[in-house]
Amino acid sequence: MDLIPGRADLWFLPLGGTGEIGMNLNLYGHAGLWLMVDCGVTFNSPLQPNSLSKADVVAADPAFIARQPENLAGIIITHAHEDHIGALPALWPRFKCPVYATAFTAEILRRKLAEVGLLDKVPIIEVKTGDTKHIGPFAVQFLAITHSIPEPHCLMIRTEAGSVFHTADWKIDATPMTGKAFKPRVFQRLAQENVTAMVCDSTNALREGFSVSENDCYQALLQVISQAQGRVVVSGFSSNVGRLIALGRVANKTGRYMALLGRSLQNMVGAARATGHWPEDLHLIDANDLGYLPKAEVLVVATGSQGEPKATLSRLAADMQRELSLESGDLVIFSSIIIPGNEAFIEKLVQQFQQRDIQTLQSHDTDLPIHVSGHPCRGELELLYSWVKPQIAVPVHGEAAHIEANAQVAHQAGVPIQLTGLNGDLYVLAPEPRIYKQVVKTGRIALLRS
């Protein structure tokens, strides 16, 4: 079929992130033009068949839209997690169009662009919560949501042919560690618009109930670290600024000094400070001073929770980190999930610590929520569907089982139509809902990192 959307058409075409978790790259088509939402990466696992073994990360192959950059009206980045922003510096030269993002996300993007010599070449348009930007034939409103990073936003995309509510990553969190609490009224009002489709995060669609608040995670980490006698090292995802703030508060409460080990952590806190998201009362010490402190006063946040060989946690396990040497009785906390494919790397890391009589604590070792997800469970999905009342549910951001489970929730919540598919499928949202399977060839491309 001819992939040129007309004025009566509203299309959704995922190139990455539908049928998998990570590597999000979505296209919306209307009136001859396309709008890109997110441009992310995913971890490359050498355990997978046909893996791109020399690449640390991979991105969705953008060939379909890269062949027609004149038809790409703009790119929106919903938030600054790597699976939504990480591929943009590498891929933007193929697109050469404006990029829209909020202040924190723009700050992260500028730092990435500076590393590849594109800082002064990419037009970045900063937006604020509630703003509506007219990008070609798309009128896009930015609505605040709660997630595990500053300034996450969902999108209300309006066109002459229909409208789409694109959730991006979200959860219902009444007590987030950064940003404001979730506001149901914002989404309840959307029901008055007769929204054509809701394109929704499926990550936790297999889990019943509701996700746990970041504040509960803070309380759990406070309890564990308060009882620790030796040095404490916590490793998680460096982009989880809420978790970093929680650990800063734990340090204050427990009389410990907090230091960061890992470039990505330093970069993330620097961006949070530059945009006003880092509390002034949370102080960090230079990692070079750690060796002068009594062990009961040390709290370190380190990169490498997935067992990455070059990351700080692996160097600590091998006792090869210049600023810090761990000893018997110290504690390493994994405040993160295990990303599928990384099990063997993490197990090796844990064994290295335990062989040196260094304690480890993972989320499956305790009933305490030392890690919480930033994504909605079934109860939250049902609420949001019932508030927005879209005509069509389009589950994304998940493997096939997650997508099917999300569609079931939508059906139970009264959404009339559920469209489920994979990367490369063309979702026709208007004028007549349907899916054309595998219209576009998709794949992965390697992004080599030093």
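Points to keep in mind about this one:
- Ile125 long-range amide H proximity, modeled H, under 5 Å: Val99, Tyr100, Ala101
- Within the chain, helix-based [θ] at 222 nm, where runs of 4 or more DSSP H residues each add -39,500 (n - 2.57), nearest 500: -7500 deg cm²/dmol
- The mean sequence separation of alpha-carbon pairs under 8 Å and at least six residues apart, normalised by the residue count of the chain, gives a relative contact order of 20 percent.
- Stokes-Einstein diffusion coefficient of segment 217-266, Kirkwood radius over Cα pairs, 10 °C, 1.306 mPa s, in µm²/s: 141 µm²/s
- Between the amide H of Ala430 and those of Leu10, distances stay under 5 Å, these residues lying 5 or more places away or on another chain, with hydrogens modeled in the peptide plane.
- For Lys295, the aspartates and glutamates whose Cα falls under 14 Å of its own Cα, not counting residues fewer than eight places away in the same chain, are Glu323, Glu327, Asp330.
- Its residue count N fixes a reference of 2.2 N^0.38 Å for segment 372-418, and the Cα radius of gyration divided by that reference is 1.06.
- Cα gyration tensor shape of segment 100-191, rounded if a/c is under 1.5, else prolate or oblate by comparing a/b with b/c: oblate
- In the context of the full protein assembly, Ser328 retains an accessible surface of approximately 70 Å², using a probe radius of 1.4 Å and ignoring ligands and nucleic acids.
- In this simple spin-label model, placing a label point 7 Å from the Cα along the Cα-to-Cβ direction at both Arg434 and Ser373 gives a separation of 3.4 nm.
- Rounded to whole numbers, the Karplus 3J(HN,Hα) couplings from phi for segment 298-315 are 9, 10, 10, 9, 10, 7, x, 5, 9, x, 4, x, 8, 7, 4, 4, 5, 5 Hz, using 6.51 cos²θ - 1.76 cosθ + 1.60 with θ = phi - 60°, and x at Gly and Pro.
- Across segment 292-450, C-alpha contacts under 8 Å between residues 6 or more apart give a mean separation that, scaled by the residue count, equals a relative contact order of 13 percent.
- Take every Cα pair under 8 Å whose residues are at least 6 apart in sequence, average their separation, divide by the length of segment 222-336, and the relative contact order is 42 percent.
- Computed over the alpha carbons of segment 1-156, Rg followed by Dmax gives 15.4, 45 Å.
- Over the chain, the Kirkwood radius and the radius of gyration, each from Cα atoms, give a ratio Rg/Rh of 0.97.
- When the alpha carbon gyration tensor of segment 172-301 is reduced to an equivalent ellipsoid, its three semi-axes come out at 35, 17, 13 angstrom, largest first.
- Residues of the chain: accessible area per residue with a 1.4 Å probe, Å²: 41 Å²
- Debye-sum result for segment 270-310 in log10 I(q)/I(0), which assumes one identical scatterer on each alpha carbon, at q = 0.20, 0.23 Å⁻¹: -0.89, -0.96
- Across Arg444, Arg322, the residue with the most accessible area heads the list, and the full order at a 1.4 Å probe is Arg322, Arg444.
- Under the shape rule built on the C-alpha gyration tensor, where the axes satisfy a ≥ b ≥ c, segment 241-342 is oblate, since a/c reaches at least 1.5 while a/b does not exceed b/c.
The values are calculated or read from the model by the stated rules, or taken from the named source; none is laboratory data. None of the values given here were measured: they were computed from a predicted structure. Every residue, glycine among them, receives a Cβ derived from its backbone with ideal geometry; neighbour counts consider all protein chains shown. In case anyone asks, the SASA skips ligands and DNA or RNA and just uses the protein heavy atoms, side chains included. Shrake-Rupley method; radii C 1.70, N 1.55, O 1.52, S 1.80 Å.
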